[in-house]
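This report refers to the structure that appears directly beneath it.
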């Protein structure tokens, strides 16, 4: 390992003038200096935003969702994931979460590995946002885009407040959490009011069950007639 580290360092020191100049141009000198001078605070803040604060947001979001999920729906929890399942959407063959379900998701607009926390996603402080998404099992996913192509299958869901992002094949309800409300919630040790949009989004999603039933029926038919 030490030999590899040494080789790595020698390669960096062997950069020629043109390479160093090109690297410098990719950096904002003032931004770089500010980051270096504040790196401890930046690292501490990122750790807390990515772990303790984000974990609490997910925990309390899960509780908020459970408050509004009623029979026949039920909540399935997994690591960094919350799914709301309907028994009527169970897989016709095999065993799994279902042919379709609702999920608290992070919808990222960045495909280049931009690192961000769930806190940043919650308040849209990064190229990502939280939403309640309609998710299909992998076996049906291939039939989603063709089904949505003419827009007829989605029209009733658009009226119910859903949005479709064609580029990412994402059908979802946005969640509008205000940063200042969330900040006050942490100050007062009560995130209830700040996370109310989470409850509202899930309530709207489950209220659209009839429209979602028809959507799943349509996609199942397309898949069956492949």
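The values are calculated or read from the model by the stated rules, or taken from the named source; none is laboratory data. Just so it is clear, the model here is predicted, and its values are computed rather than measured. With ideal geometry, Cβ positions are generated from the backbone for all residues, glycine too; neighbour counts draw on all protein chains shown.
Things to note:
- Residue within the range 196-206 that is farther than 24 Å from residue 97 by Cβ and assigned to a loop (DSSP other than H, G, I, E, B) present: no
- Residue 22 being surrounded by 10 or more Cβ atoms within 10 Å (Cβ to Cβ), at pLDDT 85 or above, out of contact with any strand residue (DSSP E or B) (no Cβ under 7 Å at 6 or more places or on another chain) and assigned to a helix (DSSP H, G or I): no
- Any hit, the range 133-152, residues being out of contact with any strand residue (DSSP E or B) (no Cβ under 8 Å at 6 or more places or on another chain) and part of a strand (DSSP E or B): no
- Subset of the range 98-116 (residues that are modelled with pLDDT under 90 and either part of a helix (DSSP H, G or I) or out of contact with any strand residue (DSSP E or B) (no Cβ under 6 Å at 6 or more places or on another chain) (or both)): 109, 110, 111, 112, 113, 114, 115
- Subset of the range 207-226 (residues that are surrounded by fewer than 19 Cβ atoms within 10 Å (Cβ to Cβ), assigned to a loop (DSSP other than H, G, I, E, B) and in contact (Cβ under 8 Å) with a residue 24 or more places away in the chain): 226
- Extreme residue, farthest from residue 211 (Cα to Cα), among residues of the range 138-167 that are surrounded by 13 or more Cβ atoms within 10 Å (Cβ to Cβ) and within 17 Å of the chain's Cα centre (by Cα): 165
- The range 160-187, residues that are touching a helix residue (DSSP H, G or I) at 6+ places or on another chain (Cβ under 8 Å), without any contact (Cβ under 8 Å) to a residue 40 or more places away in the chain and part of a helix (DSSP H, G or I): none
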